[in-house]
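Read the structure below first, then the notes.
The values are calculated or read from the model by the stated rules, or taken from the named source; none is laboratory data. From a predicted model like this one, the values you see are computed outputs, not experimental measurements. Ideal geometry is used to build each Cβ from the backbone, glycine not excepted, and the neighbour counts take in all protein chains shown. Just the protein is used for accessible areas: all its heavy atoms, side chains included, with ligands, DNA and RNA removed. Shrake-Rupley method; radii C 1.70, N 1.55, O 1.52, S 1.80 Å.
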Amino acid sequence: MSQNIEYMKTVVLIIGANGQLGSVLTEALKQKFGNSNVIASDLRAREGYKDTFEIIDATDIDRIQEVVVQYKVTQIYHLAAILSAKGEETPLQTWDINMKTLFNVLEVCRKNNIEKVFFPSSIAVFGEGAPLENTPNNAYLDPATVYGISKAAGENWAQYYFLRYGLDVRSIRYPGVIGYQSLPGGGTTDYAVDIYHKAVLEEKFNCFLKEDATLPMIFMDDAIRATLELMDAPKEDIMTRTSYNIAGISFSPAEVVAEIRKLYPDFEVKYDPDFRQEIASRWPNSIDDSAATKDWGWKPEFDLESITTTMIQKLKAKYKKGSKNLETLML
Ligand code: SER
């Protein structure tokens with residue numbers, strides 16, 4: 001009996017815990033399951049991190065297995081990946097890393113009877129074949145970045161492990177994530193975080209997208225809540241085993257600039273689109289998330305105005321306390 005109780009205790013492993021989403025999700029999972037039941041891991045240790053942290057290179061399956069056995073892990077959140085813009089620098093290496101780490105996680109989960117696995121997908125799975133407005137969950141997928149290709153393939157592998165082995169893999173296609181707690185790296189939607197830093201620092205912003213490049217975005221708090229709600233939903237309610245669309249809000253650089261100028265009327269922006277504009281032009285303008293709403297009750301809370309006021313208020317406080325070194329702004 002006591003063995004059974006011990007087995008049922010939830011112990012979470014986060015792979016990619018130093019990243020934009022990983023660092024915030026780690027704190028949310030600690031609140032939910034208790035500090036000692038959450039194992040953060042990444043390629044490098046995180047300075048100042050006080051709870052359990054393991055160095056894991058997720059391309060090394062033996063290392064993942066070792067940590068899973070050591071801590072009797074019952075759930076894995078696999079967040080490590082090379083994002084859309086960065087991935088284009090080294091396409092084959094990006095494919096190798098994104099797929100190898102996913103296969104390693106899926107195999108360790110299968111062999112160790114892991115209870116639940118979370119695999120993040122992205123709006124990057126969509127391409128020219130999908131409608132730009134209200135892109136449905138089951139739209140045609142023809143991604144044009146190696147990151148998008150790896151996520152589309154990953155979604156199918158997630159479903160395969162569910163169908164073939166009964167592994168409870170759950171997934172969300174995140175829009176661009178906007179948060180003040182951490183910094184993104186290598187994404188096409190990253191401008192929407194950077195722009196708030198520049199506004200608060202009262203610096204000019206050079207935008208690598210065109211002013212009318214509308215993309216689906218989501219505030220960090222909504223993105224984290226969506227993840228927890230999906231992972232909490234009863235297994236039988238999860239009808240989509242590839243990945244769920246979730247919407248937050250959609251806006252263009254011009255719209256976020258207009259919102260920022262309500263608080264910083266002199267905020268200066270120069271539009272200088274680069275290859276990331278090409279990537280953005282193939283992604284949806286807006287997302288139909290009715291499947292997530294129907295299956296597990298998804299509903300976003302933050303709109304552009306509340307995102308803007310929260311980002312500016314929180315970043316102002318951080319910059320007041322710290323230096324201009326962005327790394328010190330991490331959690
Ligand atoms: N934010 C990601 C990117 O821009 C999309 O998932 O690459």
Among residues of the stretch 30-67, those that are part of a helix (DSSP H, G or I) and without any contact (Cβ under 8 Å) to a residue 60 or more places away in the chain, counted: 13
Name the residues in the stretch 186-240 that are under 28 Å from Tyr319 (Cα atoms) and of a type in the set (Gly, Ala, Ser), would you? Gly186, Gly187, Ala192, Ala199, Ala223
Among the candidates Val200, Val193, Val169, Val177, single out the residue that is in contact (Cβ under 8 Å) with a residue 12 or more places away in the chain, more than 16 Å from the ligand (Cβ to nearest atom), within 30 Å of Pro265 (Cβ to Cβ) and open to solvent by less than 40 Å² (accessible area, probe 1.4 Å). Val200
Regarding Glu133, is this residue of a type in the set (Asp, Glu) and open to solvent by 20 Å² or more (accessible area, probe 1.4 Å)? yes
For the list (1) on the phi < 0 side of the Ramachandran plot; (2) of a type in the set (Asp, Glu); (3) more than 17 Å from the chain's Cα centre (by Cα), I need the number of the one condition that Asp222 fails. (3)
Residues within the stretch 218-269 that are surrounded by fewer than 23 Cβ atoms within 10 Å (Cβ to Cβ) and part of a loop (DSSP other than H, G, I, E, B), tallied: 15
Restricting the stretch 180-190 to residues that are surrounded by fewer than 23 Cβ atoms within 10 Å (Cβ to Cβ) and more than 30 Å from Asn138 (Cβ to Cβ), which is farthest from the ligand (Cβ to nearest atom)? Gln181
Inside the stretch 81-105, the number of residues satisfying the requirement of being open to solvent by 40 Å² or more (accessible area, probe 1.4 Å), in a helix (DSSP H, G or I) and more than 10 Å from the ligand (Cβ to nearest atom) is 8
Within the stretch 68-80, how many residues turn out to be assigned to a helix (DSSP H, G or I) and either surrounded by 19 or more Cβ atoms within 10 Å (Cβ to Cβ) or within 16 Å of the ligand (Cβ to nearest atom) (or both)? 1
Please specify each residue of the stretch 12-26 satisfying the condition of being touching a helix residue (DSSP H, G or I) at 6+ places or on another chain (Cβ under 9 Å), assigned to a helix (DSSP H, G or I) and either surrounded by fewer than 24 Cβ atoms within 10 Å (Cβ to Cβ) or not polar (S, T, N, Q) (or both). Leu21, Val24, Leu25
Quick one: would you say Thr328 is at pLDDT below 95, part of a helix (DSSP H, G or I) and open to solvent by 60 Å² or more (accessible area, probe 1.4 Å)? yes
Of the listed residues (Ile39, Ile61, Ile56), the one being within 27 Å of Tyr165 (Cα to Cα) and open to solvent by 10 Å² or more (accessible area, probe 1.4 Å) is Ile61
Since Asn112 meets every condition but one in (1) touching a helix residue (DSSP H, G or I) at 6+ places or on another chain (Cβ under 8 Å); (2) within 16 Å of the ligand (Cβ to nearest atom), which condition does it not meet? (2)
Can you pull out every residue in the stretch 182-219 that is at positive phi and under 23 Å from the mean Cα position of the chain (by Cα)? Gly186
